[in-house]
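**Student:** Have a look at this one before I ask anything.
The values are calculated or read from the model by the stated rules, or taken from the named source; none is laboratory data. It should be emphasised that the depicted structure is a prediction, and the values quoted were computed from it without experimental measurement. Cβ placement follows ideal geometry from the backbone for every residue including glycine, while neighbour counts extend to all protein chains displayed.
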C-alpha cells in the first residue's frame, strides 16, 4: 500500500528543486531580465555536484550557475541582445558543457549526499511534522527559509523596492539614483546561483546519479512556467513547486505498485501506459500557465512591465 | 568607457561577414574548450569535415540530415518573423512522424496499397498532426495570452511520451522500442532507387523529402518577400501596435502561423520516417526541432539561408554522432548561437570607446 505521508514528504523534497529554480527566476524577472537558460544552469549545477565532497560540490554548483548566468547578463544587459534567444543559447551551452563534463559519470548514485536532519520538536507535530520535518535533506530546510526571506526582501525592503522599480519603470528608478545595470546584473546572478543550487539539489539530495540531459528532464522549463503561474510571487511559487514535487514523486511511486484498489496496476514500471503518467507534469504545466495567464488578464497584472526590454538611459522603452 | 551607438543603415556586406566571423570564433572557442577537457580539437573538426563532406556518399548522408532541418528551420523562421517563439518544432516533428506512421500502421489499409495513395496520405497526416500540435499553443496565445514559449516546450515532452507509448506499446516490434519496418510502398523514393540506370546514384540515400523541403523554401520565400501576407507579417513582427491600427487581425495571424509552422515541422517528421528511417522509433529525432531554432537565427530568418545553415548543421549532427563526449555538438551549437547573438549586436550598433563615447553620451 502507498504511504501518503512518505509520498508527501518525498514530494516536498523533490519540490525543493523546482522551488530554488523558480525563486531564482522570479528574482531575475522582477529585475526585468527574462532568463530562459534555467534548464542549462540546472544541468551545470547538477554536474558540478559531482566533485567528491558534497559541500564543495554545492558551492561549485552555485558558482557554475552564476557563471553561466553572467554570460546572459553581459549579452542582454550590456549588449542589449534578444533575451529569449540568449536564454535558449544558455540552455544549449549549459546542457552541452554539462554533458561533456559529465561524460563517464555513473548513474548508480555513488556520490556522497548532503546530510539529512530530523527537527526535534517540529517533527512531532501531527500530520505536517512527519511530512515537512522528518529525515529531510538540509537543502529542504534551506528551501523553507528561502521562501519567506525572498518574499520579505522583494516586498518589504528598500533593495526590494529598487528591484521592483528596475523591473517595472527602469527610467524612473534611474532618475531616483538606482543603478539599473548593477541591479539587473545582481539579480540575474542570484537567479543563476539559485538555478545552480536547484541542479545540485537533484544530485546531492534527491536522486544522486548522472543521466545526462535526463538528470534535470525539463524541470528547468517547468520552473519557468511556475513563475507565470506564481504571478512572480515567491510564496505562490512555493505552493506550485511543492505541488509539482508531489506529482513527480507520485508518478514515480505509482510505478512500483502491483495492484491498485484491487485491480492490476496498468502503470507498473515497464508497461507502456506509464508514458501517459510521464506526460502528466508537462500537461499540467500547460494547464497551470493557462490559469496564471487568465488571472493576469482578469486582474490586469502580470509580468513586470519592463520584462525583456533592454534599458538604455535616455531612450524610451519599446 | 565603452559605449554602443545605434547604426543607421548597416552596410550590406556587414551582416554576412559578421555571421561568418561568428561561426569561426565559435569554432575557435569550441576548440579551446575541447582542448581544456582533454580532447583533440583539430582531429575532431577534421573528422567532422571528412565524415560530412569527404565523398559523395557522406555528402548524400549530410543532405539526408539537412532535410528535416530545412523544414523545421523554416517552421521556426516563419514563427520568429512574427516574434512568436515557437520552441515546439521538436514536438510538432514527433507528432508528424507519428501521424505518418499512423497511416501505415493504424488505419488497417490493405496490404499492397500503392505508394501513390499511401505517400500523399502520410504527408497529409504528418502535416495535419504537426499543425494540430502547433495550433494548441497558437490558440492559447491568441485567445488567452498564454506564453507560447512554455506551452510549446511542454508539448514537446508530451509529444515525446506519446510517441514512446506507441513504440513501446501497441506498435512495438518484438518488444523493441521501434515499430516494424514500413512496406516499400510507404518509402519515399531515394537516389539509390535509380542506381540501375544511373550508377553514380547507387547507394545514395538522399530522398524526395529534400525536394519537399526545397519547394517549401521557395514557397516561403515568395510568400514572405512578394505578397501582402509577408508584408503584414513583417509589420506585426516589427510593430504590433502599428499593425493593429492598420486593421490587421493579429489573433487570426497568430493561430494560422502557428498551425503552418507546426505543419512544416510535421512534414519534416513524415519525411524522416518515410524517407530515411522507414519506421517509427523512440529516438527518431536527435533534436532537429531545437537545432532548427539556431538555424533560423543563423539564417536571419531568410528561407534560402535556412537551406545553407541546415546543410552545415546536418554535417555537425551526422559527424557529431561519433564524437565523444556526446555533449560536444550541443556545446558547439550553444557557442555558435552566442557568437551569432554578439555578431547581431555589432550589426545593429557601433562600438565607440574612449572620450568620444563620453562626449556622445
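**Student:** Given the criterion free of Cβ contacts under 8 Å to residues at least 40 places away in the same chain and within 24 Å of residue B:159 (Cα to Cα), identify the matching residue among A:271, A:249, A:298.
**Tutor:** Working: A:249 fails: free of Cβ contacts under 8 Å to residues at least 40 places away in the same chain; A:298 fails: within 24 Å of residue B:159 (Cα to Cα).
One residue alone meets the criteria, A:271.
**Student:** So, one more: Given the criterion crowded, with 18+ Cβ neighbours inside 10 Å, modelled with pLDDT of 90 or more and away from chain B (no Cβ under 14 Å), identify the matching residue among A:159, A:170.
**Tutor:** The conditions single out A:170.
**Student:** Given the residues A:89, A:28, A:46, A:10, which is the only one that is over 27 Å from residue B:298 (Cβ atoms), surrounded by 24 or more Cβ atoms within 10 Å (Cβ to Cβ) and out of contact with any strand residue (DSSP E or B) (no Cβ under 8 Å at 6 or more places or on another chain)?
**Tutor:** The conditions single out A:46.
**Student:** Is there a residue in segment A:223-230 that is more than 12 Å from chain B (Cβ to nearest Cβ) and modelled with pLDDT of 85 or more? Lay out the reasoning, then the answer.
**Tutor:** Our first condition is that a residue be more than 12 Å from chain B (Cβ to nearest Cβ); within segment A:223-230, this holds for A:230.
Keeping just the survivors that are modelled with pLDDT of 85 or more gives A:230.
Yes, some residue in segment A:223-230 is more than 12 Å from chain B (Cβ to nearest Cβ) and modelled with pLDDT of 85 or more.
**Student:** Kindly evaluate residue B:144 against the criterion of being surrounded by fewer than 24 Cβ atoms within 10 Å (Cβ to Cβ) and farther than 29 Å from residue A:39 by Cα.
**Tutor:** no
**Student:** Also: For residue B:99, work out the one condition from (1) crowded, with 20+ Cβ neighbours inside 10 Å; (2) in the same structural domain as residue B:278 (by TED's automatic domain parsing); (3) more than 24 Å from residue B:179 (Cα to Cα) it doesn't fulfil.
**Tutor:** (3)
**Student:** Same structure, new question: Scan segment B:270-289 for residues that are assigned to a helix (DSSP H, G or I) and touching a residue at least 60 places away in the same chain (Cβ under 8 Å) and jot them down.
**Tutor:** Residues satisfying the conditions are B:270, B:271, B:272, B:273, B:274, B:275, B:276, B:288, B:289.
**Student:** Among the residues that make up segment B:340-349, is at least one of them part of a helix (DSSP H, G or I), more than 19 Å from residue B:49 (Cα to Cα) and assigned by TED's automatic domain parsing to the domain that holds residue B:105?
**Tutor:** No, segment B:340-349 contains no residue that is part of a helix (DSSP H, G or I), more than 19 Å from residue B:49 (Cα to Cα) and assigned by TED's automatic domain parsing to the domain that holds residue B:105.
**Student:** Which one of the conditions (1) within 12 Å of chain B (Cβ to nearest Cβ); (2) at pLDDT below 90 does residue A:282 fail to meet, given that it meets all the rest?
**Tutor:** Among (1) within 12 Å of chain B (Cβ to nearest Cβ); (2) at pLDDT below 90, residue A:282 violates only (2).
**Student:** With the requirement that a residue be more than 30 Å from the chain's Cα centre (by Cα) and at pLDDT below 75, what does segment A:260-271 give you?
**Tutor:** If the condition is that a residue be more than 30 Å from the chain's Cα centre (by Cα) and at pLDDT below 75, then A:260, A:261, A:262 are the ones that fit.
**Student:** Among the candidates B:262, B:287, single out the residue that is under 12 Å from the mean Cα position of the chain (by Cα) and away from chain A (no Cβ under 14 Å).
**Tutor:** Details: B:287 fails: away from chain A (no Cβ under 14 Å).
After ruling out the rest, the residue left standing is B:262.
**Student:** What is the one condition in (1) surrounded by fewer than 16 Cβ atoms within 10 Å (Cβ to Cβ); (2) modelled with pLDDT of 80 or more that residue A:249 does not satisfy?
**Tutor:** Condition not satisfied by residue A:249: (1).
**Student:** Mind listing whichever residues of segment B:290-317 are part of a helix (DSSP H, G or I) and away from chain A (no Cβ under 14 Å)?
**Tutor:** Scanning segment B:290-317 gives B:303, B:304, B:305, B:306, B:307, B:308, B:309, B:310, B:311, B:312, B:314, B:315.
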